[in-house]
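Scroll down for the structure; my scribbles are underneath it.
Since every read-out is calculated from the coordinates, none of them should be taken as a lab result. Please read these numbers as outputs of a predicted model, since none were measured by experiment. Here Cβ is always computed from backbone atoms with ideal geometry, including for glycine, and neighbour counts include all displayed protein chains.
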Amino acid sequence: MKRNESTVLIFKAAVLALLLLAGPAGPAIAAERDLRGGLGLQANPLGLRAEVEASWKWSISRSTHPLVKGAHVAIGISDQLSPASNQTQLWLQVSPLAILDIRAGATGIAYFGTFGNLVGFRGYDSDFRDDTRKARSDEAVSGVGRRFHLSPALKFRAGRLSMRASADFESWKVKDAPFTVFYEPNRATLLNSSGDSLVSGSSVVLLDVSRNRAEKLRVGVLHDYLKVWDAPRNTRQRLGPLTLIKLGERRFGGRDPMVSLAVLKYLEAPNRTGIGGFVSMSFSLLGNKGR
């Protein structure tokens, strides 16, 4: 069995298991709803995105024990728009412990054929730097694709210190692509259009430096990585400082706006060097507490 087919089977089995785990929590427990929006800008590679996500969350535990307090199941739908593509995702999350989240999702992707994206290449070892793709931008085509993912995450908090480590095991495919290998702009790497799999993830350590542990200002370190299983030469790693700033309870028409700023150095990458990073803002547009 091919690795790609195995990933899909694992994904389907995981979704079935999560659906069984996410049974009704009882008629007395109402869903906690939220509608969030976000804007982001990144450098090296240059990118812009806008995102909106609706979610519903149900508690599955009334225990006050720190290990299971806050255990829940949630479902959601999100849409992310960039100049290169639009992604619509459905996801299911089970959080059986305060330290563990497990999310599974399916994403439909529309590529616009802009900015030299969705250009074909000879193989995984091809030169896919920005200048190379820009020179071939007239060859870019539009198309549709899909992504399945299974994403476990571990999290921990002690006083002012918090940590989170997550991984995304992903299966990708582009429908009716006129080439074997293509540049995927959302993952900024080369993938096989007939089916490919990868793992990406991040580790974050943050320290709350605001008064009274209000989480208005947190600083720390972010490490992220990406590895395409069939193209280990294209592995990417970045490391650098991360700052999270809470702007108040209400600002810019939203609740709890949060600004994230990271400056990241490329430790390993086949097509990039130097410094990259991002700045983004997320906020809640509507929510309740499950009354």
Distant-in-sequence amide H partners of G116 (H built 1.01 Å from N, under 5 Å): none
Residue-by-residue Karplus 3J(HN,Hα) for the stretch 46-56, coefficients 6.51, -1.76, 1.60, Hz, glycine and proline x: 6, x, 9, 8, 10, 9, 9, 9, 10, 9, 10
Kirkwood-based shape ratio for the chain, expressed as Rg/Rh from alpha carbons: 0.97
Distance between the stretch 82-98 and the stretch 129-158 - C-alpha centres, whole angstrom: 14 Å
Footprinting exposure proxy for W172, W229, W91 (fewest neighbouring C-beta atoms within 10 Å first): W229, W91, W172
Table column - 3J(HN,Hα) (Hz), the stretch 190-199, Karplus curve with 6.51, -1.76, 1.60, x for Gly and Pro: 8, 10, 7, 5, 7, x, 8, 9, 8, 10
Dipole magnitude (debye, nearest 20) for the stretch 178-291, charges at Cβ of Lys, Arg, Asp, Glu: 580 debye
Residue-averaged [θ]222 nm for the chain, counting only DSSP H segments that reach four residues, each worth -39500 (n - 2.57): -2500 deg cm²/dmol
Among S166, S210, S280, residue whose mean-square fluctuation peaks in a GNM of the chain (springs only between Cα atoms under 10 Å): S210
Tilt relative to the chain, helix 3-21 - C-alpha long axis, 0 to 90 degrees, to 10: 20 degrees
Estimated vicinal HN-Hα couplings, Hz - the stretch 175-186 in sequence order (Karplus 6.51, -1.76, 1.60; Gly, Pro = x): 7, 6, 6, x, 8, 7, 10, 9, 8, 9, x, 6
Order of K173, K57, K69 - criterion: other Cβ atoms within 10 Å of each residue's Cβ, fewest first: K69, K57, K173
Stokes-Einstein D for the stretch 131-208, Kirkwood Rh over Cα pairs, 37 °C, 0.692 mPa s (µm²/s): 218 µm²/s
